[in-house]
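Undergrad: Take this structure, written in structure tokens, and hold onto it; I'll ask about it next.
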Amino acid sequence: MRITVATTIAAPMDAVWKAYSNPDDIVQWNAASDDWHTTRSTVDFRPGGKFSSRMEAKDGSFGFDFEGTYTTIITNERIEYAFGDRQAVVEFQEVPSGVHVQVSFDSEETHSIEQQRDGWQAILNRFKFHVENHVAR
């Protein structure tokens, strides 16, 4: 099943695009809650390039690597990537209030659809906060 989350960010496209693809920014926003964080991120931002983000509970109880391969990159418009046997699409669209960002991804079997949607939406909301409060100031 395909799940979609979205937000609109009050910032210029260049700032949004850079923050989504820059490892220094990714470690600042890539977490679903305050008790998690991304400890490292690597990005080879080109079709065929690999990415990896180490996500860990701040108490050290659990962690995992979220990694995959970029399949399509259209600057300021679209990022597609594969992670495991799943795929995701991130779309960027300029709107009067800033940039609308929509992420669609293939669900997995371990967590409920609601948990997956809520988690990915929380990460996207943290991305919005990061860009509006730290990047586009």
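Undergrad: Taking the mean number of other Cβ atoms within 10 Å as a proxy for protection, how do you rank 110-118, 90-98 from highest to lowest?
TA: Order by mean packing, descending: 90-98, 110-118.
Undergrad: Which one of Val90, His134, Ile123 has its Cα pushed farthest toward the positive end of the charge dipole of region 53-137, where Lys and Arg give +1 and Asp and Glu give -1 at the Cβ?
TA: Checking the options against the dipole of region 53-137, the answer is His134.
Undergrad: Further question: Summing -39500 (n - 2.57) over the DSSP H runs of n ≥ 4 in the chain and dividing by its residue number, what mean residue ellipticity at 222 nm do you reach, to the nearest 500 deg cm²/dmol?
TA: It comes out at -7500 deg cm²/dmol, rounded to the nearest 500.
Undergrad: While we're here: Ignoring ligands, DNA and RNA, what percent of the 1.4 Å accessible area of region 14-137 is carbon and sulfur?
TA: On the way: 3190 of 6920 Å².
Here carbon and sulfur together make up 46 percent of the probe-accessible area.
Undergrad: Ok, one more. Under a Cβ-only charge scheme (Lys and Arg +1, Asp and Glu -1), can you give me the dipole magnitude of the chain about the Cα centre, in debye to the nearest 20? Spell out each step's value before the answer.
TA: Details: 13 positive and 21 negative charges, 62 e Å.
The calculated dipole for the chain is roughly 300 debye.
Undergrad: Which lysines, on any chain, are close to Lys128 with Cα under 17 Å apart, when same-chain ones fewer than 8 places away are left out?
TA: The qualifying lysines are Lys18.
Undergrad: Which whole-number value in Å² is the accessible area per residue of region 37-137, probe 1.4 Å?
TA: Using a 1.4 Å probe on heavy atoms only, each residue of region 37-137 averages 58 Å².
The values are calculated or read from the model by the stated rules, or taken from the named source; none is laboratory data. If you're wondering where the values come from, they're calculated on a predicted model, not measured in any experiment. Positions of Cβ are backbone-derived with ideal geometry, glycine not excepted, and every protein chain shown enters the neighbour counts. Protein only, heavy atoms only, side chains kept; ligands, DNA and RNA dropped before computing areas. Shrake-Rupley method; radii C 1.70, N 1.55, O 1.52, S 1.80 Å.
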